[in-house]
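Some notes on the structure that comes next.
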Amino acid sequence: MAQRSKKAPPKVEADTLPTLRGMELSVDVVGPVQRAVGGYGQYEAALRANLKDKYFPIIELGYGSANHEDDVTEIRYKTSAPYGRIGVDFNILKNKHDLYRVYVGGRYAFTSFKYDVQVADGINDPVWNGQAAYNVSDVSCNYHWIEALGGIQARIWGPLSLGWSVRYKKRIAQKHGQAGEPWYVPGYGKRGASRLGATFNIIYSF
């Protein structure tokens, strides 16, 4: 009687959804705004696969540029080049099939570019005690970096969603010419061993 009275454990329903749930095409609007109001920015689009609403392999491609002159030093810096990132996002919500997502992810990124530097009034010449012209062009560089990110995505209507992300970028390798470290790196941002960034994406699912 005691054995008969024991309840059978509840059955766990298998996830019958297909592995590939669709694709997502997105564009970032932060980069163009930066370019419009400041001396640098980028245009970026991404293609992301939806695997069971949990895993999201992604490729991000963009074109970054800078044309900036420092008001104090009068140094003008100019560059433009494409860049790319590859990585994956993970939906960490318990209900992964919800219309909202909270995710974490990682990226590997690379760019190869050239830059120009010009000093309007030249630099001090310690030998002749005067001003010497300073102008370098087509300095070749490349940058490798990784990114850790967290973000939110919300569906607003039909196939359209909005997404926000905050990113921590860490440089892992670089190569620059004799002119020194570049002021701006396409896709990475202003120079430095690490930096924070953000994106605001308009996303179309299909």
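The values are calculated or read from the model by the stated rules, or taken from the named source; none is laboratory data. These figures come from a predicted structure and were not determined experimentally. We place every Cβ from the backbone using ideal geometry, glycine too, and count neighbours over all the protein chains shown. These area figures cover heavy atoms from the full protein model, side chains too; ligands, DNA and RNA do not enter into them. Shrake-Rupley method; radii C 1.70, N 1.55, O 1.52, S 1.80 Å.
Condition test on K169, is it within 18 Å of the chain's Cα centre (by Cα) and either modelled with pLDDT under 95 or open to solvent by 60 Å² or more (accessible area, probe 1.4 Å) (or both)? Quick ask: steps written out before the conclusion?
Numbers: within 18 Å of the chain's Cα centre (by Cα): yes; either modelled with pLDDT under 95 or open to solvent by 60 Å² or more (accessible area, probe 1.4 Å) (or both): no.
Judged against the criteria, K169 is not a match.
Going by the conditions given, is L20 modelled with pLDDT of 85 or more, closer than 20 Å to R167 by Cβ, aliphatic (A, V, I, L, M) and open to solvent by 60 Å² or more (accessible area, probe 1.4 Å)? Let's see the steps before the verdict.
Numbers: modelled with pLDDT of 85 or more: yes; closer than 20 Å to R167 by Cβ: no; aliphatic (A, V, I, L, M): yes; open to solvent by 60 Å² or more (accessible area, probe 1.4 Å): yes.
Judged against the criteria, L20 is not a match.
Can you tell me which residue among L99, L160 is at pLDDT 95 or above and either open to solvent by 60 Å² or more (accessible area, probe 1.4 Å) or aliphatic (A, V, I, L, M) (or both)?
Details: L99 fails: at pLDDT 95 or above.
Exactly one residue qualifies, and that residue is L160.
Checking P182 against (1) under 21 Å from the mean Cα position of the chain (by Cα); (2) touching a residue at least 40 places away in the same chain (Cβ under 8 Å); (3) open to solvent by 60 Å² or more (accessible area, probe 1.4 Å): exactly one of these is not met. Which one?
Here P182 meets the rest and fails (3).
Kindly indicate which of G84, G122, G38 is of a type in the set (G, A, S) and modelled with pLDDT of 95 or more. Explain how you work it out, then say what you get.
Details: G122 fails: modelled with pLDDT of 95 or more; G38 fails: modelled with pLDDT of 95 or more.
When all the criteria are applied, what remains is G84.
Filtering the range 58-76 down to residues that are within 13 Å of P186 (Cβ to Cβ) and of a type in the set (S, T, Y), which residue is most open to solvent (accessible area, probe 1.4 Å)?
Restricting to residues being within 13 Å of P186 (Cβ to Cβ) and of a type in the set (S, T, Y), the top hit is Y63.
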